[in-house]
1. In deg cm²/dmol, rounded to 500, what helix-only [θ] at 222 nm does the protein assembly as shown give when every DSSP H run of at least 4 residues adds -39500 (n - 2.57) and the total is split over its residues?
2. Grab the beta carbon distance between residue A:428 and residue B:315, set R0 = 56 Å, and tell me the FRET efficiency rounded to 0.05.
3. What distance in nm lies between label points placed 7 Å from Cα along the C-beta direction at residue B:44 and residue A:58?
4. With the radius of gyration and the Kirkwood radius both derived from the Cα set of the stretch B:48-146, what is their ratio Rg to Rh?
5. What does the accessible area of residue B:282 come to, in Å² to the nearest 10, when a probe of 1.4 Å is used?
6. Using only the alpha-carbon atoms, how far is helix A:46-59 inclined from the longest principal axis of chain A? Give it as 0 to 90 degrees, nearest 10.
7. Sort A:338, A:440 by accessible area with a 1.4 Å probe, largest first.
8. Within the stretch A:106-125, what residues put their amide N at less than 16 Å from the label point 7 Å along the Cα-to-Cβ vector of residue A:212?
Protein chains: 2
Amino acid sequence: MTAIEALVAELGDGIVELHDISERYRTDWSGSSPTAPVALVRPRTTEQVSAALAICDRHGQTVVTQGGLTGLAGGAVPRPGDVALSLERMTGVDEIDPAAATMTVWAGTTLEAAQLAALDAGFELTYDLGARGTATVGGNVATNAGGNRVIRYGMTREHVLGLEGVLADGTVVSSLNKLLKNNAGYDLKQLFIGTEGTLGVVTRIVFRLRPAPASRTTALLACPDYDAVLSNLASFRRVPHLSAFEVMWPTYYDVIAERRGGVTPPIDIGAGRAAVVELSGDDPDGDLGLMESMIGQAIEQGTVTDAFLARSAADTEAIWAMREAGPTDGIVGLLHFDVGLPTGDIDRFVTTVEQRLAARWPDVVVYPFGHIADGNVHCNPTVGSDDPETVEQVDHVVYDTVAEFGGSVSAEHGIGTVKKPYLDRSRSATEIALMRRLKDALDPNGILNPGKVV
Amino acid sequence: MTAIEALVAELGDGIVELHDISERYRTDWSGSSPTAPVALVRPRTTEQVSAALAICDRHGQTVVTQGGLTGLAGGAVPRPGDVALSLERMTGVDEIDPAAATMTVWAGTTLEAAQLAALDAGFELTYDLGARGTATVGGNVATNAGGNRVIRYGMTREHVLGLEGVLADGTVVSSLNKLLKNNAGYDLKQLFIGTEGTLGVVTRIVFRLRPAPASRTTALLACPDYDAVLSNLASFRRVPHLSAFEVMWPTYYDVIAERRGGVTPPIDIGAGRAAVVELSGDDPDGDLGLMESMIGQAIEQGTVTDAFLARSAADTEAIWAMREAGPTDGIVGLLHFDVGLPTGDIDRFVTTVEQRLAARWPDVVVYPFGHIADGNVHCNPTVGSDDPETVEQVDHVVYDTVAEFGGSVSAEHGIGTVKKPYLDRSRSATEIALMRRLKDALDPNGILNPGKVV
């Protein structure tokens with residue numbers, strides 16, 4: 001019996017599909033190398049995930065795990081011959097424990113659904129990303145997603161108290177810990193977090209929740225230059241309930257206005273930088289006052305030239321819509337980068353990349369924006385072409401510059417296949433060898449997401 | 001050549017001592033099974049650590065790594081035949097990077113020295129423990145130490161951005177990342193954090209720093225009962241700059257007064273519970289006002305019966321001295337437990353343990369205190385005897401009760417040897433098997449801290 005026959009025999013054709021598999025399962029938001037999986041397995045239970053992996057492991061059948069397919073690194077894209085294991089039927093909140101302030105959620109649940117369920121119970125799931133409506137919490141954990149609130153609450157990793165996962169051989173590791181502090185042996189969940197489905201499949205997650213804040217106070221600041229941005233960041237960082245500090249460069253800011261009919265920038269930033277600042281707290285009036293006074297001081301000091309302070313939910317949405325729009329529509333050959341750098345060096349990095357690309361492609365435009373307080377910039381250029389050779393050349397320029405700046409080729413999106421050739425720009429041969437050693441120990445037959453990360 | 005001869009030949013007798021080894025290296029603060037190591041290796045460099053481990057690995061020579069020897073789980077206590085590898089000569093701050101807000105510190109540095117160096121540069125290293133003067137940062141990382149400020153800043157793990165460590169075979173893994181967000185491949189530092197020296201030896205650490213707060217505002221609250229404690233915790237938790245919330249039970253509170261000449265409790269808690277509350281911020285007057293108003297409200301609601309608000313550094317020290325004293329002096333047979341539990345169940349757990357112990361040892365006294373906001377209580381009993389059989393019987397009662405409550409046998413001290421027999425109360429056979437699999441993959445000859453954790 002082949003692996004596929006065994007899967008059908010064990011799980012049935014309601015779970016295992018072989019024909020007319022939707023194109024949806026062929027690639028992720030990276031659009032990288034669309035490939036049809038040899039079979040699509042959509043289990044409803046952890047036991048079915050376990051059974052599927054045990055069969056694949058026995059047969060040496062490779063498996064790519066899929067969540068919301070919003071990844072930008074190709075980590076969920078099938079390679080020829082892969083079975084696709086989609087967690088999309090394993091959805092919903094298993095439990096919210098108000099006393100422990102935790103929620104236990106199935107991996108296929110969208111982030112937004114989990115956030116709303118937490119809110120309903122008076123809590124907040126405190127990580128957040130633009131793709132919340134489609135991205136699944138399982139994918140967030142597998143990629144250690146970052147997003148807009150890392151400055152206050154950390155990456156997805158910091159939100160995971162426990163999880164249930166399945167190893168390559170089908171072993172179910174149930175570590176559904178709800179305790180904030182637990183040093184009883186190795187912290188096994190780390191094997192599943194941020195390893196992009198190469199060491200195991202996450203099926204269920206215990207997230208830490210926090211009391212929902214009564215209000216968010218958001219402002220958009222026009223800063224004359226990057227030094228002014230850094231000065232404002234230093235002031236706002238001292239506010240303990242600062243929950244976001246995001247920056248947009250003028251190219252990005254302007255293209256949003258041009259390309260997105262609905263978005264009108266409320267203030268002009270000229271050749272400066274736009275910063276989105278958000279406080280989350282329990283004292284809306286106090287926070288409005290604090291924001292006004294901090295902006296007032298910044299204007300006096302010349303680090304802010306104009307500001308728009310949200311005074312309604314619509315204002316807040318308008319600000320975030322700009323930041324989250326992403327200049328992705330209809331720009332030919334727009335490339336996505338997700339690099340990590342020392343915060344102070346980001347603007348210089350952007351300029352360096354721009355100059356180096358312009359030396360070769362004079363029409364290059366870079367649309368940078370990002371979570372600069374966390375040292376993360378999405379430095380997205382277009383040189384007007386998306387042919388693979390050009391893309392590779394641009395990649396080289398960007399990642400070599402990252403290496404020069406001591407940065408990371410991926411701050412939050414992960415490595416997948418897209419950044420795999422450049423992993424050595426951020427990690428040493430010894431580190432990569434140790435990753436392989438871990439991979440060999442946990443997945444000796446190499447069935448889990450082969451060709452990704454290491 | 002034996003392993004010991006090879007160590008002396010390679011490293012010299014200034015680094016490797018065979019005779020007159022001080023008794024200090026025989027046990028840690030647990031006092032567990034004092035054992036002289038067969039040799040004491042005190043390297044000055046990472047290369048020497050690497051050379052020592054490579055030799056030991058080739059010879060199958062077992063090694064116990066030692067830091068400040070303040071552990072309470074026996075993790076740093078030699079077993080017969082072990083070489084002791086002390087990091088105490090690898091001290092000092094390698095670098096403070098103000099722009100990145102990071103410090104790179106050698107593993108043998110005491111926590112206090114690292115904290116003071118950070119403060120000198122205007123930053124705070126935001127984890128803290130009572131043993132700060134002796135405990136080393138390497139030990140803190142190896143045990144994922146917790147302490148007094150977990151409620152705001154998380155465990156030691158959350159403070160580590162990067163590290164340099166040495167594997168059993170002498171491979172130096174240099175992952176001295178300074179970036180807040182870095183998803184470039186597996187997060188290898190997790191292999192060294194909280195694994196108690198069984199997977200590798202930490203030599204250098206990059207810690208995340210935060211701006212030093214301008215002030216700390218501390219209060220001691222008398223709460224009539226545990227429900228009142230929980231109600232106060234719920235209110236204070238909403239203050240984003242709450243940095244500690246610690247609780248002492250009356251037996252603990254009273255014994256401190258009795259046994260520690262210098263400490264006079266400033267308020268009477270009767271049969272209630274004492275809570276230490278601390279805000280760390282930049283607005284001392286505002287925080288004093290906030291604390292006064294919150295205490296005022298709590299008094300009105302009956303959840304606080306009396307309070308002492310620190311108005312000087314001496315006041316603050318007096319409060320913390322009580323909490324950190326620990327009822328350790330001269331109480332015969334006092335046992336230390338470090339259990340994790342759902343916060344809401346801690347008082348019931350304490351009472352249950354007390355009753356179960358009293359059924360057998362009517363004179364039992366339990367001295368509980370701890371970081372209850374994090375679900376961590378040091379539920380320290382004495383039944384008046386420290387003979388090993390009695391200790392084992394008490395351990396069984398406590399850990400079986402922990403298992404019943406769905407708790408963790410170690411919230412912050414680690415497993416070491418002391419809690420190893422009870423690991424199965426908190427972790428499944430599958431989890432323990434996976435820990436062993438990791439151990440075998442990374443330390444195939446089993447030389448690193450054998451007999452500890454798994």
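1. -10000 deg cm²/dmol
2. Numbers: r = 50 Å, r/R0 = 0.90.
Rounded to the nearest 0.05, the efficiency is 0.65.
3. Each label point lies 7 Å from its Cα, and together they span 6.0 nm.
4. On the way: Rg = 15.1 Å, Rh = 14.5 Å.
Result for the stretch B:48-146 is an Rg/Rh of 1.04.
5. Residue B:282 exposes around 70 Å² with every protein chain in place.
6. 60 degrees
7. Working: A:338 0, A:440 100 Å².
Reading off the accessible areas and sorting them downward yields A:440, A:338.
8. A:112-125
The values are calculated or read from the model by the stated rules, or taken from the named source; none is laboratory data. Predicted model, so just to flag it, every value in this text is computed and none were measured. So basically every Cβ, Gly included, is an ideal-geometry build from the backbone, and we count neighbours across all protein chains shown. Just the protein is used for accessible areas: all its heavy atoms, side chains included, with ligands, DNA and RNA removed. Shrake-Rupley method; radii C 1.70, N 1.55, O 1.52, S 1.80 Å.
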